[in-house]
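Undergrad: My questions will all concern the structure given below.
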Amino acid sequence: MLSVLTDNWELFRDGFWTTLRLFLVAGVLSLILGTVLAGFRVSPVTALRGIGTGYVNTLRNTPLTLVFSFLFFGAAKTQLSLPTFFWAAVAALTFYTSAFICEVVRAGINTISPGQAEAARAVGMTFMQVLTIVVLPQAFRAIVPPLTSVLIALLKNTTIAAGFSVLEAGAIPAAMAERGENQMLTLVWITIGFLILITPLVFLQRWAERRTAVA
């Protein structure tokens, strides 16, 4: 069993390194875009609320595979192709995941008492100041568990990139099949690899919950 890993260590190493890079880059970008979209959704400006609502409803109801297909194949027809397969995968994961993060952040915003926002506006703070200084810091305390779940889903969703010529962990079985290796043992090692990546997120979630708990 161990020989499947040791004899093909470079393949596993490179595959999971690409998976980790996809997760980290798309995760950071998704957090930024998702938070901005959440701000749109609670904005007093009707046009911004419409943009946020339209984006979320469209992306949440579109299969991730179709998002990948558009960015890898459809975008090239409209002069919007990205420089490499890796960055096209990052864009697909970011656009898709940010819609879910938006809803998580918006739910956190809705847990904050409206009186706090009204008090902030009463002392002359703008909407952006209220959102960034008063509301969002408290909202993020309340959304640690669901936000972590979305990020774990993002990590697992990176495997879809394997179907679009990105050599990450999801592409390992096909490469191992060409080498004549045992597919069942290959899948076992891939599962162990994802458990190794996901476990720190679970512990980080528990630490953050304790750290941000309100007495």
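Undergrad: In segment 19-31, which residue that is open to solvent by 20 Å² or more (accessible area, probe 1.4 Å) and touching a residue at least 12 places away in the same chain (Cβ under 8 Å) is farthest from Ala161 (Cα to Cα)?
TA: Filtering segment 19-31 for residues open to solvent by 20 Å² or more (accessible area, probe 1.4 Å) gives 20-21, 23-25, 28-29, 31.
In the following step, the residues that additionally are touching a residue at least 12 places away in the same chain (Cβ under 8 Å) were identified as 20-21, 23, 25, 29, 31.
Values: Leu20: 12, Arg21: 12, Phe23: 11, Val25: 14, Leu29: 17, Leu31: 20 Å.
Taking the candidates together, the pick is Leu31.
Undergrad: Shifting gears a bit: Quick check on Phe164: is it at pLDDT below 90 and either out of contact with any helix residue (DSSP H, G or I) (no Cβ under 6 Å at 6 or more places or on another chain) or surrounded by fewer than 20 Cβ atoms within 10 Å (Cβ to Cβ) (or both)? If you could, list the steps in order and put the result at the bottom.
TA: Details: at pLDDT below 90: yes; either out of contact with any helix residue (DSSP H, G or I) (no Cβ under 6 Å at 6 or more places or on another chain) or surrounded by fewer than 20 Cβ atoms within 10 Å (Cβ to Cβ) (or both): yes.
Answer is yes for this residue.
Undergrad: Any idea which of (1) open to solvent by less than 80 Å² (accessible area, probe 1.4 Å); (2) over 19 Å from Ser3 (Cβ atoms); (3) modelled with pLDDT of 85 or more is the one Phe203 doesn't satisfy?
TA: In the conditions (1) open to solvent by less than 80 Å² (accessible area, probe 1.4 Å); (2) over 19 Å from Ser3 (Cβ atoms); (3) modelled with pLDDT of 85 or more, Phe203 misses (1) alone.
Undergrad: Please state which one of Leu71, Leu80, Leu37 is hydrophobic (A, V, I, L, M, F, W, C) and at pLDDT 90 or above.
TA: Leu37
Undergrad: Name the pairs whose Cβ atoms lie under 8 Å apart, with the first residue in segment 146-159 and in contact (Cβ under 8 Å) with a residue 40 or more places away in the chain, the second open to solvent by 50 Å² or more (accessible area, probe 1.4 Å), and 6 or more positions between them or separate chains?
TA: Pro146/Ala107; Leu147/Phe140; Thr148/Leu204; Val150/Phe100; Ala153/Phe100
Undergrad: Still on this structure: Would you be able to tell me the number of residues in segment 50-63 that are crowded, with 16+ Cβ neighbours inside 10 Å and within 15 Å of the chain's Cα centre (by Cα)?
TA: Count: 2.
Undergrad: Of everything in segment 10-65, what is outside any helix (DSSP H, G or I) and touching a helix residue (DSSP H, G or I) at 6+ places or on another chain (Cβ under 7 Å)? Give them in sequence order. Before the answer, list the steps.
TA: Kept after step one, since they are outside any helix (DSSP H, G or I), are these residues of segment 10-65: 42-45, 61-63.
Within segment 10-65, Val42, Ser43, Pro44 qualify.
Undergrad: Ala91 - would you say it is without any contact (Cβ under 8 Å) to a residue 60 or more places away in the chain and closer than 19 Å to Leu48 by Cβ?
TA: No, not satisfied.
Undergrad: Same structure, new question: Go through (1) more than 29 Å from Thr19 (Cα to Cα); (2) hydrophobic (A, V, I, L, M, F, W, C); (3) open to solvent by less than 40 Å² (accessible area, probe 1.4 Å) and name the single condition Ala47 misses.
TA: That leaves (3) as the condition not met.
Undergrad: Specify which of the listed residues (Ile190, Ile152, Ile112) is outside any helix (DSSP H, G or I) and open to solvent by less than 60 Å² (accessible area, probe 1.4 Å).
TA: None of the others qualify; the one that does is Ile112.
The values are calculated or read from the model by the stated rules, or taken from the named source; none is laboratory data. As the structure is a prediction and not an experimental result, all values here were calculated from the model. Every residue, glycine as well, gets a Cβ built from its backbone with ideal geometry; the counts of neighbours run over all protein chains shown. Side chains are part of the model used for accessible areas, which takes the heavy atoms of the whole protein and leaves out ligands, DNA and RNA. Shrake-Rupley method; radii C 1.70, N 1.55, O 1.52, S 1.80 Å.
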